[in-house]
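Undergrad: Mind looking over this structure? Questions follow.
The values are calculated or read from the model by the stated rules, or taken from the named source; none is laboratory data. Being a predicted model, the structure only gives us computed values, none of them experimental. Please note: Cβ atoms are built from the backbone with ideal geometry, for glycine as well, and neighbour counts cover all protein chains shown. These accessible areas exclude ligands, DNA and RNA; they are computed on the full protein's heavy atoms, side chains included. Shrake-Rupley method; radii C 1.70, N 1.55, O 1.52, S 1.80 Å.
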Amino acid sequence: MTRPLRLSEQSLRTTDSPITELIYTAMRDRSLISLAAGLVDEETLPTAAVAQAVAAVLADPSLGRAALQYGTTAGLGSLRLALAQRLAGDFTQQPTAAAPLADALAARCIITSGSQQLLYLVSEALIDPGDIVITESPSYFVYHGVIESFGARVLGVPMDHEGMSTTALAELLAELERAGQLHRVKLIYTVDYFQNPTGLSLSASRRVELLRLAQQYSRDGRILILEDAAYRDLRYDGSDLPSILSLPGGEEYVVYAGTFSKPCSPGLKTGYGFLPADLHEPILHLKGNHDFGSSNLSQYIVAHLLQSGAFDQHLEHLRTTYRRKRDAMLEALTETFADCPAVQWNQPAGGLYVWLEFTDGTRTGPDSPLFRAARQAGVLVVPGEFCHVTTDQDRPRHQLRLSFGVADPPRLREGVRRLGQAYAQVTKQLQTV
Ligand SMILES: Cc1ncc(COP(=O)(O)O)c(C=O)c1O
């Protein structure tokens, strides 16, 4: 007889991401058009540049041996410095000031196995069961799962075209204070550039206000802002916004998370974080327990791509490709839903996502007629309710996340056309009910 397995409480609180099944479905059946997965476009993956980087690293025997050996827990020094030099531009445009700043930033930088590992480590370092993490709603649902696995509550703050509503955030913090719960708030999580799933960015003035609120409500202990900049490099229009980290006082309050998965290659699985000085050592200790350092070879490759200029060249190519794909999706939406004022969507200036809303209340959940009709028509989409906080009973159920990451422009157009067909079928059915 098999004896019962005694899983830890954390394991029991941990579930699979709701979109894993959608991703596998698309992999199994190539005739399906996936507007669901937030994966990068395979055609853009920089095979030649990475081949050159690998060859260059391994051609030098001492460099090659170092790359194939274990590295340090914090990560490759030259890579941390290169990242710090890039981020220093947020703080100052003056080269004389940038150099010492970059050194200081590099000392607080850690390289991780994707930014997902950084999100996990920060949560592990800060969260106890019963704590609270505040996020945008909707937001990056995979991270909601991490928070919940630590036994914390996720509280959502609504968004508008400027990103997280700081008015609603202020109200929530005041309410938590009145309820004697402020001490439980450890983190405010924001994906502040071209958010997954909405494509929205936090405006410059809201960045200032968000930091001010974190400072104001840190009365019972510091409330940190976890600034997840995963999509920052994927900007197609307009100019970059400075990070919250770079605002006055930001260094004490902000954890900045970045990644090479979206702007380069998820296969390198290399992310990074800039941490408040007093969080750096606790995170290193935890990472020591996890893996005592991320893939050293990947780090040498990324460092070479940055230093040779190949990364910046690749970014230019990527921006052109994704801009074209975004435009193809937006044009197809305009054509398909021209006569449907109840279908609305945003025009993201970057990232990989378009957020669609059915103001006539059409349901989009995994068991909804629309989702099923879309699946039958051969297109996969992500139900918006997956992206809202799971404990919120009132979460909206009439939204969809569409990604222009994977499919090429003709398939994006065809995918949107099939979605339109599904919507027409469902709404016609509804009218006759
Ligand atoms: C908002 C956001 N943050 C973090 C990640 C984690 O990516 P990675 O671990 O590959 O850097 C993702 C992946 O999709 C994401 O969408």
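Undergrad: Provide a single number: the residues in region 161-213 that are hydrophobic (A, V, I, L, M, F, W, C) and in contact with a Lys or Arg (Cβ under 8 Å, 6 or more places away or on another chain).
TA: Filtering region 161-213 for residues hydrophobic (A, V, I, L, M, F, W, C) gives 164, 168-170, 172-174, 176, 179, 182, 185, 187-188, 191, 194, 200, 202, 204, 208, 210-211, 213.
Then keep just the ones that are in contact with a Lys or Arg (Cβ under 8 Å, 6 or more places away or on another chain); that gives 164, 176, 182, 194.
Matching residues across region 161-213 total 4.
Undergrad: Specify which of the listed residues (LEU5, LEU22) is open to solvent by 70 Å² or more (accessible area, probe 1.4 Å), more than 23 Å from GLY258 (Cβ to Cβ) and not β-branched (Val, Ile, Thr). Step through it out loud before you land on a result.
TA: On the way: LEU22 fails: open to solvent by 70 Å² or more (accessible area, probe 1.4 Å).
Within the list LEU5, LEU22, the selection yields LEU5.
Undergrad: Here's a follow-up. Quick check on my filter: what residues within region 82-102 are open to solvent by 60 Å² or more (accessible area, probe 1.4 Å) and either under 25 Å from the mean Cα position of the chain (by Cα) or modelled with pLDDT of 95 or more (or both)?
TA: GLN85, ARG86 - these are the residues of region 82-102 that are open to solvent by 60 Å² or more (accessible area, probe 1.4 Å) and either under 25 Å from the mean Cα position of the chain (by Cα) or modelled with pLDDT of 95 or more (or both).
Undergrad: Is at least one residue of region 318-325 surrounded by 14 or more Cβ atoms within 10 Å (Cβ to Cβ), of a type outside the set (Ser, Thr, Tyr), over 30 Å from LEU419 (Cβ atoms) and over 20 Å from the mean Cα position of the chain (by Cα)? Don't jump to the end; show me each part of the working.
TA: Looking only at region 318-325, we keep the residues that are surrounded by 14 or more Cβ atoms within 10 Å (Cβ to Cβ), and these are 318-319, 321-325.
Pick out the ones that are also of a type outside the set (Ser, Thr, Tyr) and you get 318-319, 323-325.
Filter once more, keeping what is over 30 Å from LEU419 (Cβ atoms): none.
No.
Undergrad: Could you tell me whether any residue of region 222-244 is over 19 Å from the mean Cα position of the chain (by Cα), within 26 Å of ALA152 (Cβ to Cβ) and open to solvent by 10 Å² or more (accessible area, probe 1.4 Å)?
TA: yes
Undergrad: Another question, then. Within region 25-44, restricting attention to residues that are part of a helix (DSSP H, G or I) and within 16 Å of the ligand (Cβ to nearest atom), which residue is surrounded by the most Cβ atoms within 10 Å (Cβ to Cβ)?
TA: Step one: list which residues in region 25-44 are part of a helix (DSSP H, G or I), which gives 25-28, 42-44.
Pick out the ones that are also within 16 Å of the ligand (Cβ to nearest atom) and you get 26, 42, 44.
Numbers: ALA26: 21, GLU42: 9, THR44: 17.
Among them, the one singled out is ALA26.
Undergrad: Only strands (runs of 3 or more DSSP E) wholly contained in region 202-316 count here; list those with 2 or more residues that are within 13 Å of the ligand (Cβ to nearest atom) and charged (D, E, K, R). Outline the logic, then answer.
TA: Working: elements: 224-228, 254-259, 271-274.
Result: 224-228.
Undergrad: With the condition kept exactly as written, say whether any residue in region 189-201 is at pLDDT 95 or above and away from the ligand (no atom under 16 Å from the Cβ).
TA: Let us first name the residues in region 189-201 that are at pLDDT 95 or above, namely 189-201.
Checking the rest, the ones that are also away from the ligand (no atom under 16 Å from the Cβ) come to none.
No, the conditions are met nowhere in region 189-201.
Undergrad: Moving on to the next point. Which one is most open to solvent (accessible area, probe 1.4 Å), of the residues in region 326-339 that are under 16 Å from VAL354 (Cβ atoms) and acidic (Asp, Glu)?
TA: Only one residue fits best here, namely GLU335.
Undergrad: Identify, from the list GLY145, GLY156, the residue that is touching a residue at least 12 places away in the same chain (Cβ under 8 Å), within 16 Å of the ligand (Cβ to nearest atom) and more than 30 Å from ASN289 (Cβ to Cβ). If you could, list the steps in order and put the result at the bottom.
TA: Working: GLY145 fails: more than 30 Å from ASN289 (Cβ to Cβ).
Checking each option against the conditions leaves just GLY156.
Undergrad: Enumerate the pairs (first residue in region 262-274 and at positive phi; second residue anywhere and open to solvent by less than 30 Å² (accessible area, probe 1.4 Å) and within 10 Å of the ligand (Cβ to nearest atom)) with beta-carbon separation below 6 Å, excluding pairs fewer than 6 apart on the same chain, so at least 6 apart or on different chains.
TA: LYS269/GLY114
Undergrad: Could I ask something else about it? I need the full set of residues from region 1-24 which are touching a residue at least 40 places away in the same chain (Cβ under 8 Å), within 22 Å of the chain's Cα centre (by Cα) and not in a loop (DSSP other than H, G, I, E, B), in order please.
TA: LEU22 - this is the single residue of region 1-24 that is touching a residue at least 40 places away in the same chain (Cβ under 8 Å), within 22 Å of the chain's Cα centre (by Cα) and not in a loop (DSSP other than H, G, I, E, B).
Undergrad: Residues SER139, SER165, SER113: which one is surrounded by fewer than 22 Cβ atoms within 10 Å (Cβ to Cβ), polar (S, T, N, Q) and in contact with a His (Cβ under 9 Å, 6 or more places away or on another chain)?
TA: Numbers: SER139 fails: surrounded by fewer than 22 Cβ atoms within 10 Å (Cβ to Cβ); SER165 fails: in contact with a His (Cβ under 9 Å, 6 or more places away or on another chain).
Answer to the check: SER113.
Undergrad: Any idea how many residues of region 104-123 are within 19 Å of GLN299 (Cβ to Cβ) and either away from the ligand (no atom under 16 Å from the Cβ) or hydroxyl-bearing (Ser, Thr, Tyr) (or both)?
TA: The qualifying residues number 8.
Undergrad: Ok, one more. Quick check on region 85-103. Is at least one of its residues closer than 25 Å to LEU247 by Cβ and touching a Phe, Trp or Tyr at 6+ places or on another chain (Cβ under 6 Å)? Reasoning before the result, please.
TA: Taking region 85-103 as the starting set, the residues that turn out to be closer than 25 Å to LEU247 by Cβ are 85-103.
Those left that are additionally touching a Phe, Trp or Tyr at 6+ places or on another chain (Cβ under 6 Å): 101.
Scanning region 85-103, I find at least one residue that is closer than 25 Å to LEU247 by Cβ and touching a Phe, Trp or Tyr at 6+ places or on another chain (Cβ under 6 Å), so the answer is yes.
Undergrad: Moving to a separate point now. Restricting the first residue to region 219-239 and requiring it to be more than 14 Å from ARG184 (Cα to Cα) and of a type in the set (Val, Ile, Thr), which pairs with a second residue that is open to solvent by 10 Å² or more (accessible area, probe 1.4 Å) and in a helix (DSSP H, G or I) meet a Cβ separation below 7 Å and a spacing of at least six or different chains?
TA: ILE225/TYR253
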